[in-house]
Amino acid sequence: MLISTQLPALHSELNDPKFSFDFSTPGVKGRGRFELVRVLDDVSQHLHATCEADVAYQISERPDTPLSVSLIKSWLEECVQTHEPCTWKPQPALPTRVIDVGASNTSDEPRLLVTLGKHGRYLALSYCWGRSQTLTTKRNNFQEHQREIPMRSLPRTLRDAVCFTRFLGIQYLWIDALCIIQDDADDWRREAAKMCSVYEPAVLTLSVLNGTSSDAGFLDIRSREAVVTQLDGCEVALRTPLPKAESAIPSGSLGTRAWTLQERVLAPAVLHIDTEQLYWECCSGLASESYPAIRRARTGKNDVQFGASIHDMKVQIGQQKDSPSMRLWYALLENYCGRLLTNSSDRLPAIKGLATRFQSIVSAGYNYGLWFDDLANGILWRVIKTDVVRPKPKVKSRDTGVPSWSWASFDSRITFDIPGPKASRTALATFEPQRPSKRGPATERWPRIAITGLCQKGVLFKGRGRYTLVTKDRRSRFTDIDCILDCELEDVELFHCAPKPYYCLLIAKEEGSGGATYRYLLLSSAPHSSSTTSSHRVFQREGVGTQYLSHDGEEPTGAGFSAWDIVLV
């Protein structure tokens, strides 16, 4: 063991890019950046020993060693007892069904338990199904699973989760594949809407950070990169630095899946199990096996700490609908829409749990991914054209029955262009949600939004890499509005105009030092609508438009626009 006075000097020398050394193992050489490893046998040393020069700690050979399990329990105990932002319920109501894994030393098979309002502590599993066939609960094996679920029938990740739950001394485990009846549409819809009440009360969520399928498993032997050598007469353990939690957690393959966003942010505590080490995440901070002290997280723009932000917003939110709470929702949506779904029809269900939790904070009306109290911002979402994973759609798909005004109307990355905290956006239209019709075409069965605002007809011109809506005012003067369409117009040739008319509806205005930016919805007449009247025209969304006007220019109110009452479907 190195004495504390030697550590800073050795640490500085090892981090010198010119430093090189020979391991005692023949033929193994290293050059570059390394870190000292403190070899400890007691978890209390991990948590309470003084760490001179940021010396790292030993990594256990496997995630389920007694040392690793003790460290996890210590993290959990610290979080429950001392972390004010982390909300805990000692004996929460169990989900509708859980896996009863039995006692920690049992050899009995796990079984599916219908809880019937029972209370208890349980873990939840967050993982990637992948494309391999996995065992699921269905109507034809539901009774059998209540008797037992043979361990040999479980894919590796699920089997490892059962074992890990036993190691931690927890009796119950929630796994979506087994606790939801997968071929019962009513049960799936009902249980999928309860994700907030599944992950939020869980004592811990196990996140298989880089498992690409349910067969991946996570209780494997890790590569032992730390090498013991002699330096200045002292025995030193050296290794290449392991990734810190701030970078490792967002970069894991699990972070590319849409369902796992709400699983991560709803849980009060998450144990991320990586191939190299364990990472701890809660509303109070991050930790890892190599750096086990829980410290306040330093998050980036695209990695929102939802739990901690909720704690802060309880004091700040009030009734201000443009408060940071709504900004947080739009940031979450932008992150969410950059993730992948196996079934595009899950686009709204996979974020329902987050919406439920958010609604308890803002107390606003919610439907199809938008908040009715903040439509002047929410309805101005736009498609990101540079998405290489999912190119901009060529045809708007409505087979899932999603209205055109919702970002969920097709699968694509989006952004909201919300002004910064010091900027202001003024709504120039009024919105009133309407109940859908129970009969008639599909477009009339979707929830509708009645909008009153300034509108004008124009001609859509397709340029190279851009679209422009050309409008004409009462003095026969032409103005251009830059447009971003929700989907490409493949049937319109370059440098030609679209054959059908388009309309721009003025939604909001943003003041700047030299002028103002006006935000529009780009609309077209809704097909097969039988409810068009002289006072309410029925439209569908086609995209968004932007127009910048200097302070000495004429505002849209005097440039050929007139007040319309429309219905958006």
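The values are calculated or read from the model by the stated rules, or taken from the named source; none is laboratory data. As the structure is a prediction and not an experimental result, all values here were calculated from the model. Here the Cβ is made from the backbone with ideal geometry for all residues, glycine too, and neighbour counts use every protein chain on show. Just the protein is used for accessible areas: all its heavy atoms, side chains included, with ligands, DNA and RNA removed. Shrake-Rupley method; radii C 1.70, N 1.55, O 1.52, S 1.80 Å.
Just subtract the alpha-carbon distance of THR546 and ASP220 from 0.36 nm times their residue separation and send over the number in nm, one decimal.
112.0 nm
Taking Cα atoms of segment 51-174, Rg/Rh with Kirkwood Rh, to two decimals?
1.02
Per-residue counts of other Cβ atoms within 10 Å, averaged by peptide: what ranking do you get for 490-496, 560-566, highest first?
Those peptides, ordered most packed to least, come out 560-566, 490-496.
How much FRET efficiency would the formula 1/(1 + (r/R0)^6) give for THR82 and ARG464, where r is the Cβ-Cβ distance and R0 is 60 Å, rounded to 0.05?
Plugging the Cβ-Cβ distance into 1/(1 + (r/R0)^6) gives 0.50.
Determine the shape class of segment 110-159: with a ≥ b ≥ c the square roots of the Cα gyration tensor eigenvalues, call it rounded for a/c under 1.5, and otherwise prolate if a/b is greater than b/c, oblate otherwise.
oblate
For segment 81-123, which whole percent of the accessible surface, found with a 1.4 angstrom probe, sits on carbon and sulfur atoms?
48 percent
Given a Förster distance of 51 Å, report the FRET efficiency between GLU488 and SER153 from their Cβ-Cβ distance, rounded to the nearest 0.05.
0.65
Using a Förster radius of 30 Å, what is the FRET efficiency between THR106 and ASN343 based on their Cβ-Cβ separation? Nearest 0.05, please. If you can, show how the numbers build up before the last one.
Details: r = 36 Å, r/R0 = 1.20.
Computed FRET efficiency for THR106 and ASN343 comes out at 0.25.
With label points built 7 Å along Cα→Cβ from the Cα atoms of THR240 and LYS457, find their separation and express it in nm.
Label-label distance for THR240 and LYS457, simple model: 6.6 nm.
Regarding segment 122-274, what is the average projected area of its C-alpha convex hull, in nm²?
Details: hull surface 45.1 nm².
Computing the convex hull of the Cα atoms and averaging its projections yields 11.3 nm².
Residues of segment 130-289: accessible area per residue at 1.4 Å, in Å²?
I get 38 Å² per residue for segment 130-289.
Which pairs, out of LYS138/LYS244; LYS462/LYS509; LYS352/LYS500; LYS73/LYS194; LYS194/LYS509; LYS73/LYS118, put more than 31 Å between their alpha-carbon atoms?
Table pairs above 31 Å Cα-Cα are LYS138/LYS244; LYS352/LYS500; LYS194/LYS509.
For segment 333-380, what is the Kirkwood hydrodynamic radius in Å, using each pair of distinct C-alpha atoms?
Roughly 11.7 Å, rounded to one decimal.
Between ASP417 and GLU511, with labels modelled 7 Å along Cα→Cβ, what's the label distance in nm to one decimal, could you check?
2.0 nm
Using 14 Å as the cut-off for backbone N distance, which residues of segment 162-193 belong to the label zone defined by a point 7 Å from the Cα of GLN146 along Cα→Cβ?
181
What ranking do 163-169, 117-123, 182-188 get when scored by the average of other Cβ atoms within 10 Å per residue, highest first? Working shown, then result.
Numbers: 163-169: 18.6, 117-123: 16.4, 182-188: 13.0.
Descending mean neighbour count gives 163-169, 117-123, 182-188.
Using Cα centres only, tell me the gap between segment 145-180 and segment 74-128 in whole Å.
The distance from the Cα centre of segment 145-180 to that of segment 74-128 comes to 12 Å.
Using packing as a proxy for protection, rank 65-73, 173-181 so that the peptide with the highest average count of other Cβ atoms within 10 Å comes first. Could the numbers behind the result be given before it?
Working: 65-73: 17.4, 173-181: 22.9.
The packing order, highest mean first, is 173-181, 65-73.
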